[in-house]
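The values are calculated or read from the model by the stated rules, or taken from the named source; none is laboratory data. Not measured: the values here are computed from a predicted model. Please note: Cβ atoms are built from the backbone with ideal geometry, for glycine as well, and neighbour counts cover all protein chains shown.
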Amino acid sequence: MKISKTYNPKQVEDKIYQLWEKSGFLKASPKSKKQPFCIIMPPPNANGILHIGHAVFVTLEDIMTRYQRMKGKEVLWLPGADHAGIMTQVTYEKKLAKQGKSRLKLGREEFYKQTYKFSMENKKVMETQLRKLGASCDWSRSKFTLDPKISKAVFYTFKKMYKDGLIYRGKRIISWCPRCQTALSNLEVIYQEKKDPLYYIKYGPLTLATVRPETKFGDTAVAVHPADKRYKKYVGKEIEIQTVLGKAEVKVVADKAVDPEFGTGVVKVTPAHDPNDFEIGQRHNLEIRQVIGFDGKLNKKAGKYAGMKVREARKIIAKDLEKMGLMEKIDFNYKHRIAICERCKTIIEPLISEQWFIRAKKLAAPAIKAVEDKKIEFIPTHYKKLYYHWMKNIRDWCISRQIWWGHRIPVWYCECGEITVDIEKPKSCPKCKGKKLKQDPDTLDTWFSSGQWPFTVFGWPRQTKDFQYFYPTSVMETGWDILFFWVARMIMLGIYCTGKAPFRYVYLHGLVRDKDRQKMSKSKGNVIDPLGVITLYGTDALRMALVFGTGSGKDTIISEEKIIGQRKFSNKIWNATRFILMNKPPLINTDKKLIGTDKNLTGADKKILKVLEKTIKSVNKDLENFRFGQAAQTLYHFFWHDFCDKYIEKSKSQMSNVKTKENTQKILYYVLLTSLKLLHPFMPFVTEEIYQKLPLKNKKKCLMIETWPN
């Protein structure tokens, strides 16, 4: 069998992927008698191209998928894409703005229609990119979070939760983006360290420190720590204070949430504009006085400052306080974290707003128990503590968004005051029989629909064959940074909706960093484009570089040098194969028994077979325990050093001896074939291409369904 002098990934990879797709081996059947193994792909957002972070999850999940498939299980890796709510809306609005258009001019229906088309085009591009990365998915089952059947399932859950008293509409404090004009989930809010003036303001007999003097019009109390002896005599009393708008009275309350080490140990309590103050206000039954509007400007309660934007008002009010002698001092070097919108980078305003909420604590209890009872296990295990901390301190979840893109809340209002919650619009009001029904204008938080991803993709609430066979799934693999925002929600909603934990294991990977351990970002100029790398060095080199030496939960360190190193390894595998095939090995089975007896084996023969057996055991143990980086290193060192540097070099003299030639050829062939099987989950393209060229008896159509070495 002839084999070219060099391995060229560009000429191989597309051809090999077509072979896999046409073979039918990527498709899974719920009618199988085999043990199922299922991974639901974390759906990439359908608003852009894949990045290096996507390449990490694709590599890890494909390693698991290919390993379990070769072990003889019925494997399903189900792909899909997320509509991504506000992220996609902002992305498409920017595209419209470049064309001189806006969503408001288009209208809600047309905007939704165009955004859907935009998302579907991106989804198609992403699927092509996933193929480039070698993802052995069942494309016949590809899903989108806004697919009609999935949408109905999402509405079904909303209706069920509303009926069970787990969803309610109420006024609570939320994170509001004045630019995007919507409430945000915790994941849509990011934090930046900033230096701001810390103002020490006189409040009657007390002095307190604050960064936000512009919210003082909404103060309904001042608070101190119960154990702070300095202010004990004031607790429970009303104190008179001078403000920029005149005299006022506020109550002094004692609350353990106050940090006595911050500033003077006295804080102003503004329940309408700070989450912690809101909680203090609830505990002490304080008035909620909103002084900042949803447009990010002060309202009429701010008197002469009404209509000013927050930052503008802050400076002016601070100057006025100084003029009135109410400013004791200013610390201009105060550093703190501010919340900003992840999409548009606008500073977030905590505001009281009427929104739809989930009573998350009731869902959290069974989700905590599922982990305590080991129905779900985290890898690495230390993330379990973080999960418990978050879940035990969970607050009600705001699930409504003031945007147009996404699942519109399935609630209809009638003029008579009746509220109807249903999957589809009712024909008439159940109370007055009127037909003038208005649907709630808000959409659902994208995490509400993606939180149901592991079971809605199987046709739930219908008890389909797919649902019965593949659910609960085997592994949920994703980044540790969305453990709470997505994984926890999947566990809560999965148990609530189906009565079962949605997956057996949660494997969490870290962030992707450059060789200097810096987080990758466009601003730093250290971003690696996975598709560009593939063009230069091949998919296998990128995949191997992403997992090589990376522990579970640890950050992935990647550089072009590391990828080049693994490209050389691809060449090493190719060149070793060329040498073995050039020496015309006999047409053999993969059975080790065909190798001669111990009497016919040289010392080198015995050693390589012994090291191979040790390698097989080590790799199996690592893969079963999700130690993919360690398995990759073991295989690399075995193939390069033990096989190529030592045994292949020794084989050259052994093949010149008539007595040892045939056995040496068989051992070379056997070790090569076994190595290809072990390497296949990590480096699928080069291993499959070589396998297709091997002169094998009883050859399978693809290496991807060969029997895994044990």
Next item on the list: Being of a type in the set (Val, Ile, Thr), surrounded by 20 or more Cβ atoms within 10 Å (Cβ to Cβ) and either assigned to a strand (DSSP E or B) or touching a Gly at 6+ places or on another chain (Cβ under 8 Å) (or both) is the filter here, so list the residues in the stretch 247-291 that pass it.
Entry: Val250, Val252, Val253, Val258, Val267, Val269, Thr270, Val291
Next item on the list: Quick one: in the stretch 314-364, of everything that is of a type in the set (Asp, Glu) and in contact with a Lys or Arg (Cβ under 7 Å, 6 or more places away or on another chain), which residue is surrounded by the fewest Cβ atoms within 10 Å (Cβ to Cβ)?
Entry: Glu354
Check: Do we have any residue at all in the stretch 392-413 that's under 22 Å from Glu377 (Cβ atoms) and either in contact with a strand residue (DSSP E or B) (Cβ under 9 Å, 6 or more places away or on another chain) or surrounded by 15 or more Cβ atoms within 10 Å (Cβ to Cβ) (or both)?
Finding: yes
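Is it the case that some residue within the stretch 348-366 is touching a residue at least 24 places away in the same chain (Cβ under 8 Å), over 30 Å from Ser474 (Cβ atoms) and within 22 Å of the chain's Cα centre (by Cα)? Don't jump to the end; show me each part of the working.
Taking the stretch 348-366 first, the residues touching a residue at least 24 places away in the same chain (Cβ under 8 Å) are 348-364, 366.
The next check asks that each one be over 30 Å from Ser474 (Cβ atoms); those that pass are 348-357, 359.
Within this subset, residues satisfying the condition of being within 22 Å of the chain's Cα centre (by Cα) are none.
No.
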Check: How many residues, within the stretch 234-256, are at pLDDT 95 or above and touching a helix residue (DSSP H, G or I) at 6+ places or on another chain (Cβ under 7 Å)?
Finding: 3
Next item on the list: Return the only residue of Thr243, Thr270, Thr220, Thr207 being closer than 30 Å to Gly307 by Cα, under 37 Å from the mean Cα position of the chain (by Cα) and β-branched (Val, Ile, Thr).
Entry: Thr270
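Show me the helices (runs of 4 or more DSSP H) found entirely inside the stretch 431-509 where at least 2 residues are of a type in the set (Phe, Trp, Tyr).
On the way: elements: 446-450, 453-456, 465-470, 488-498.
Ranges flagged: 446-450, 453-456, 465-470.
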Checklist line | Within the stretch 26-78, considering residues that are in a strand (DSSP E or B) and not aliphatic (A, V, I, L, M), the one modelled with the lowest pLDDT | finding: Asn45
Notebook entry, point to check: For residues in the stretch 510-525 being in a loop (DSSP other than H, G, I, E, B), in contact with a strand residue (DSSP E or B) (Cβ under 8 Å, 6 or more places away or on another chain) and of a type outside the set (Gly, Ala, Ser), which is modelled with the highest pLDDT?
Noted result: Leu511
Check: Would you say Ala84 is within 30 Å of Tyr469 (Cα to Cα), out of contact with any Leu (no Cβ under 8 Å at 6 or more places or on another chain) and surrounded by 22 or more Cβ atoms within 10 Å (Cβ to Cβ)?
Finding: yes
Checklist line | Residues (β-branched (Val, Ile, Thr), surrounded by fewer than 20 Cβ atoms within 10 Å (Cβ to Cβ) and modelled with pLDDT of 95 or more) located in the stretch 186-209 | finding: Thr207
